[in-house]
Amino acid sequence: MRLANKTAVITGAGRGLGEAFAMKLAQEGADVLASDIDLGAAERVADAISGLGRKGLAFQADVRNKQGVQAMAAYAIQELGKVDILVNNAGTFRDNLLENISEEDWDLVLDTNLKGAFLCSQAFAPHMKARRYGKIVNISSRAFMGNVGQANYSASKGGVVSLTRTLGLELARYGINVNCVAPGLIDTDLTRRMKQEIKELMVVSTPIQRIGQPEEVANAVLFFASDEASFVVGQTLLVCGGRSVGMLLAKPKKA
Ligand SMILES: NC(=O)c1ccc[n+]([C@@H]2O[C@H](COP(=O)([O-])OP(=O)(O)OC[C@H]3O[C@@H](n4cnc5c(N)ncnc54)[C@H](O)[C@@H]3O)[C@@H](O)[C@H]2O)c1
């Protein structure tokens, strides 16, 4: 097992990618605190982790709220004894063209996706620094490169990439590796809420010609969360079926 005797906190762990990350890290030996704004969802995941024979805990926290995030960190450190791994996964989107993005939707997306990663990293860094050990894995998106109709989401995810690089620089000397995974289109509730025609267009323009599965992103998170990535700092790994490399402009003949 690659994470034996390790402990992890994952935000937005109640479903989708966060749930897949929680299960993957637990399968590899970690005790996990599943945090989510939706307590019932976090509890369901914590129960599944306990079913694997690991310690599974649930906590309700809104990553936009500094007090709530600080309380989550205190609870995690107390109940797990230490926190080795933090996955900043909680995220949301409110897609619209520039003229139609309300200030409220701008703030919601930036506060959840970017400020949330900042607040959580800030809450756990002192503990990790004191122990001279930590892995922070941020979840960005391939959309950080730009997507029509996603000015708020792209900006937030670009911010996550920059935050990763800067925290990587600041924290590496304390034995803390900060890295980032940027997924492409993955099959979760988030993408199930997207318009079907947009999804079809995205699949057609993706070199691998399909949507990704949460497990395929979880494998990248596991790498950054493990000591296999001990000399990797401030990096963003795109897990997007080739979409960041180039876009197919016409549907190719069957391979
Ligand atoms: N699914 C994709 O295709 C895809 C692609 C690239 C990046 N991502 C990113 O991966 C992450 C997870 O996405 P997903 O597809 O699993 O989404 P999802 O909507 O299925 O799950 C998101 C989880 O985050 C929780 N959450 C939302 N706001 C929160 C808040 N303020 N505080 C705490 N928890 C909150 C939700 O309750 C939910 O459990 C997000 O950061 C998303 O931007 C997803």
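Bear in mind these aren't lab numbers, they're just calculated from the coordinates by the rules spelled out. Treat the numbers as computed from the prediction; the structure is a model and nothing was measured. Don't worry about glycine lacking a Cβ; one is built from the backbone with ideal geometry, like all the others, and counts go over all protein chains shown.
Helix by helix through the chain, keep the DSSP H runs that span 15 Å or more along the axis on Cα and average at least -0.5 on Kyte-Doolittle, and give those back in order.
Values: long enough: 16-27 (17 Å, 0.50); 39-51 (18 Å, 0.51); 66-80 (21 Å, 0.13); 116-131 (23 Å, 0.19); 151-171 (29 Å, 0.26); 214-225 (16 Å, 0.93).
For the chain, where a helix must reach 15 Å along its axis and average at least -0.5, the hits are 16-27, 39-51, 66-80, 116-131, 151-171, 214-225.
At a 10 Å Cβ-Cβ cut-off, how would you order L98, L167, L238, L86, fewest neighbours first?
Working: L98 9, L167 24, L238 20, L86 30.
With the fewest neighbours first, L98, L167, L238, L86 line up as L98, L238, L167, L86.
Starting from the Cα coordinates of segment 58-183, work out the convex hull volume and express it per residue in Å³. Spell out each step's value before the answer.
On the way: hull volume 11.8 nm³, N = 126.
Spread over its residues, the Cα hull of segment 58-183 gives 93 Å³ apiece.
Mind putting a number on the dipole of the chain about its Cα centre? Charges go on the C-beta only, +1 for Lys and Arg and -1 for Asp and Glu, and I need it in Debye to the nearest 20.
On the way: 29 positive and 26 negative charges, 160 e Å.
Magnitude of the dipole: close to 760 debye.
Leaving out same-chain residues fewer than 8 places away, which aspartates and glutamates sit with a Cα under 16 Å from that of K82?
Straight-line reach from K82, under 16 Å: D31.
Grab the DSSP H runs of the chain that are 4 residues or longer, score each as -39,500 (n - 2.57), total them, divide by all residues and round the 222 nm result to the nearest 500 deg cm²/dmol. Write out the running numbers ahead of the final one.
Values: 9 runs with 110 residues, N = 255.
Helix contribution divided over all residues of the chain: -13500 deg cm²/dmol.
Near K253, which aspartates and glutamates are there with a Cα under 18 Å away, not counting those fewer than 8 places off in the same chain?
By straight Cα distance, K253 reaches E200.
Could you work out the pair-distance distribution P(r) of segment 114-191 from its alpha-carbon pairs, with 10 angstrom bin width and percents rounded to whole numbers?
19, 46, 25, 10, 0
So what is Rg over Rh here for the chain, counting just Cα atoms and using Kirkwood for Rh? Can you show the working numbers first?
On the way: Rg = 17.6 Å, Rh = 18.2 Å.
So for the chain, dividing Rg by the Kirkwood Rh gives 0.96.
Filter the cross-link list K6/K115; K195/K254; K6/K66; K24/K55 down to pairs whose alpha-carbon distance in this structure exceeds 21 Å.
On the way: K6/K115 26 Å; K195/K254 26 Å; K6/K66 25 Å; K24/K55 14 Å.
Where the Cα-Cα span goes over 21 Å, the pairs concerned are K6/K115; K195/K254; K6/K66.
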